[in-house]
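First comes the structure, then the notes that go with it.
What follows is calculated from the coordinates using simple rules that are stated; it is not laboratory data. No experiment lies behind these values; they were computed from the predicted model shown. Please note: Cβ atoms are built from the backbone with ideal geometry, for glycine as well, and neighbour counts cover all protein chains shown.
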């Protein structure tokens, strides 16, 4: 959801600018295809968004809750901005991270499914070792990168709150598919009414 909000804000259309986060809980409750806090597949979720011409609601109007039990979709909550996903690509960039960097440079943030098993111990700096491309267990937003640093790194926005890492961000070295960061990347193309 954060990638969608960031992509909309990048368009520069003043009437569409969104400071407030979009509701992840609304998607979880209303899609019927997720497993709440136990996971789901980003590409499947985006396919649902496209197939249903899903309209996004704000986090304020449909807040998250800390339970994994299913809550009935609150259909009466209406979107304030008509944004939908026009199309998506789910790609494996593990052997072509240079192309992933070009996409981020030209089109903005993307969603990456990662193995975040070792991130609980992350305190800062660039992750450059000991983060395998194992089974995917988390989704993050790749908001950019820094090629002038040694080593060059992805700028990764996590969803674990601002007390995690560097105010909610972490940095992963580019080039070795650490944490499986390039294995399954979802590229979103939003449309606006």
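Binning the alpha carbon pair distances of segment 84-193 at 10 angstrom intervals from zero yields the distribution 15, 50, 29, 6, 0, expressed in whole percent. Descending by average beta-carbon neighbour count within 10 Å, the peptides 171-184, 154-167 line up as 171-184, 154-167, the highest first.
Taking neighbour counts of Cβ atoms within 10 Å as a proxy for exposure, in what order, fewest first, do 118, 57, 185 appear?
118, 57, 185
Normalised by 2.2 N^0.38 Å, with N the number of residues, the alpha-carbon radius of gyration of segment 111-153 equals 1.22. Placing dummy labels 7 Å off each Cα toward the beta-carbon, the span from residue 89 to residue 65 is 3.9 nm.
Ranked by the mean number of other Cβ atoms within 10 Å of their residues, highest first, the peptides 109-115, 123-129, 96-102 fall in the order 109-115, 96-102, 123-129.
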